[in-house]
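J.: Have a look at this one before I ask anything.
Readers should treat all values here as calculations from the given coordinates under stated rules, not as data from a laboratory. Keep in mind that what you see is a predicted model, and the values were worked out from it rather than measured. No Cβ is skipped: glycine too gets one built from the backbone with ideal geometry, and neighbour counts run over all protein chains shown.
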Amino acid sequence: MTRRFVVEADGGSRGNPGPAGYGAVVRDADTGLILVEAAEFIGRATNNVAEYKGLIAGLRAAFELDPAAAVDVRMDSKLVVEQMSGRWKIKHPDMQPLAAEARAVFPRDRVSYAWIPRERNKDADRLANEAMDAGRAGRSWAPRTAADPVVPAAPVEEPLPAPAAPKAGWGADLGTPTTLVLLRHGETALTPQKRFSGSTGSDPELSEKGRWQAERAAEALAARGTVQAVVCSPMLRTRQTAEAAALRLGLEVRVESGLREVDFGDWEGLTFGEVQERHPADLDAWLASSKARPTGSTESFASLAQRVAVARDKVLARYAGRTVLVVSHVSPIKTLVRLALGAPPDSMYRMELAAASFCAVQYYADGNASLRLLNDTGHLR
């Protein structure tokens, strides 16, 4: 039987635009119990942007619980409900990519939208305000602890237990997992110099050594014979690496923009030492917090994680049960590994990821993930 969730989402801005945040809850549709709460302070934004981000967070939380579920979305934003239902056009350029992100989480036939009055959306509204309060205080919103009560949507005769967390270790057969074989692109001229090379820099091509590495990776994949699809970042170095593998495998390359490297802003093309000399305060802040951005950048590691998670979910939905080669960059691949492990953001600084190295993560039907390989460079020896 298909599991059904109710997602209630809201967003707010104190100033419109102004300091903004969102909140979302995922309920069990049968019991009304809250299964997941999500909230975040998103900086300066409009009400509508915050509402869309709340919707995306709620859908992603539901997907993590059960990617095969059906979802009833309830919001007090008439605009978002009508646009996502397809009855109103999305004209504002800030809304279009957010709507696309929301639609990418679940197949359209598994999500319905309904407007509810604000008084029936109190939990999501509360979370959005908690997130904005936390942001004003200079801290991150934190979810309720296990000791806090789980609130049902309506009174029930007897208290119902919260759903059990997935058990570690052996369990029921969940069928064939979806395997993402993660390949970092081959070297460019900037790689051996250890220069920042993100999504807004010179977009370098593979060097001669990088092309050799791409060929060795392609040979290794062809020898294994398990890859059934190839997806890559839109950057030139990843496309060249992916095309070498696709040619050997007889597959086409699908580009996914969410897999691109983070935007390093004014640090593009600089070494770590040069950044330390020119932007010491910004570098210290960036190393201390996943929400800090490189000088002149529009993107932090926290926002990168959101983007990469959306791209991951799109790949998992499209290629369920198959093995997919994903060609990307250092930061997105480390992020995928971190998310699979449930590790904190600073764990990214403790991973080594060589050029043209392989990682592999398997994703199961219950939402769990298993890291199977990290920084494998055996094919380059």
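J.: Could you tell me the largest-minus-smallest coordinate of the C-alpha atoms of segment 308-381 on each of the three principal axes, in descending order and whole angstroms?
T.: 34, 28, 18
J.: If you don't mind, another one. Given C-alpha coordinates of the chain, what is the ratio Rg to Rh with the Kirkwood estimate of Rh?
T.: Value, to two decimals: 0.98.
J.: Could you tell me what percent of the DSSP beta bridges with both partners in the chain are antiparallel, to the nearest 5?
T.: About 60 percent, rounded to the nearest 5.
J.: Sticking with this structure for a sec: Using amide H atoms built 1.01 Å from N in the peptide plane, name the residues 5+ places from ARG322, or on other chains, whose amide H lies under 5 Å from its own.
T.: Those lying under 5 Å, H to H, from ARG322 are THR179.
J.: May I ask you to derive the FRET efficiency for LEU247 and THR176 from their Cβ-Cβ distance with R0 = 35 Å, giving the value to the nearest 0.05?
T.: Working from the Cβ atoms, E equals 0.85.
J.: Exactly which trypsin sites (Lys or Arg not before Pro) in segment 48-137 are in a DSSP loop and have at most 16 other Cβ atoms within 10 Å?
T.: Answer in residue order: ARG87, LYS89, LYS91.
J.: What FRET efficiency would be calculated for the residue pair ARG139, ALA189, taking the C-beta separation as r and a Förster radius of 41 Å, to the nearest 0.05?
T.: 0.45
J.: Go through 294-300, 333-339, 218-224 and give me the packing order, highest mean Cβ count within 10 Å leading.
T.: Highest-to-lowest ranking by the protection proxy: 333-339, 294-300, 218-224.
J.: Now a separate question. Work out, step by step, the length gained on full extension between ARG350 and TRP212: first 0.36 nm times the residue separation, then minus their alpha carbon distance; give nm to one decimal.
T.: In short, 46.9 nm is gained.
J.: Then there is this: Can you bin every Cα-Cα distance in segment 178-380 into 5 Å intervals starting at zero and give me the percent of pairs per bin, rounded to whole numbers?
T.: Going from the shortest bin to the longest, the percentages are 1, 8, 16, 21, 21, 16, 10, 5, 2, 0.
J.: Apply the Kirkwood formula to segment 245-286: the hydrodynamic radius equals the inverse of the mean of 1/r over all pairs of different alpha-carbon atoms; give it in Å with one decimal.
T.: After inverting the mean inverse Cα-Cα distance, the result is 13.3 Å.
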